[in-house]
1. For the chain, find the longest principal axis of its Cα atoms and tell me its angle to the long axis of helix 10-20, 0 to 90°, nearest 10.
2. Spin-label point model (7 Å from Cα, Cβ direction): what's the Gln103 to Ala149 distance in nm?
3. If each residue of separation counts as 0.36 nm, what is the full-extension length gain between Arg115 and Asp59 once their alpha-carbon separation is subtracted?
4. Sort Thr62, Thr98, Thr73 so that the residue with the fewest other Cβ atoms within 10 Å of its own Cβ comes first and the one with the most comes last.
5. Using alpha-carbon pairs under 8 Å, 6+ residues apart, how would you state the relative contact order of segment 3-149 in percent?
6. Hey, what number do you get for the chain at 222 nm if only DSSP H runs of n ≥ 4 count, each worth -39500 (n - 2.57), divided across all residues, to the nearest 500?
7. Just to confirm the number: angle between the C-alpha axis of helix 76-90 and the first principal axis of the chain, 0 to 90 degrees, nearest 10?
8. Reachable aspartates and glutamates from Lys124, Cα under 18 Å, same-chain residues fewer than 8 places away excluded?
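Derivation of every value follows stated rules applied to the coordinates shown; laboratory data play no part. Keep in mind that what you see is a predicted model, and the values were worked out from it rather than measured. Reconstructed Cβ throughout: ideal geometry from the backbone, glycine too, with neighbour counts over all protein chains shown.
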Amino acid sequence: MSLHLVRVSLAQANEHVAVWHRHNKPVVGHLWSVGASDEDGVLHAVMIVGRPVARPFDDGATVEVTRIASDGTRNCNSLLYGAAARAAFAMGYRRVITYIEKQEGGASLRASGYRMVAERPPKKGWSVPSRPRDDRNYRSVPRQLWEAAA
């Protein structure tokens, strides 16, 4: 199957994240979204890129792949991760980051030129005294931080 990149709106991307993503919900905002489509126009994967969630990484030179979701079609994620890096570097960003759960393999990231730069232990949740949040659906699992740098 031949795959190619297609523009998708945040609303379209979030619809697919809601259906395909194993453990994360749709996002509120983004910088851009893109999809992987076959020759018949069937959308097989979506990716949402935004500003980094962690404040120390929100330096104006870094973007984060906040969601990537697919129907399981081979090579979709690699295509999208590679596209995120090329697009970000073409727009003047110097770094693309993303997080995956430690149990996930990272093959698509490695195939796209990303490297694992850190392992993060499980955290209790996102809620802090200065900004309380509902953590009932939060999954506390070890994660890995991956990056592609220009």
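1. The helix 10-20 is inclined about 80 degrees to the chain.
2. Modelled inter-label distance: 3.1 nm.
3. The Arg115-Asp59 span can extend by a further 18.2 nm.
4. Numbers: Thr62 19, Thr98 23, Thr73 16.
Ranking Thr62, Thr98, Thr73 by Cβ neighbours within 10 Å, fewest first, gives Thr73, Thr62, Thr98.
5. Numbers: 282 pairs, mean separation 27.1, N = 147.
Reported relative contact order: 18 percent.
6. Working: 3 runs with 31 residues, N = 150.
Calculated mean residue ellipticity at 222 nm is -6000 deg cm²/dmol.
7. It is inclined by approximately 80 degrees.
8. List returned: Glu101, Asp134, Asp135.
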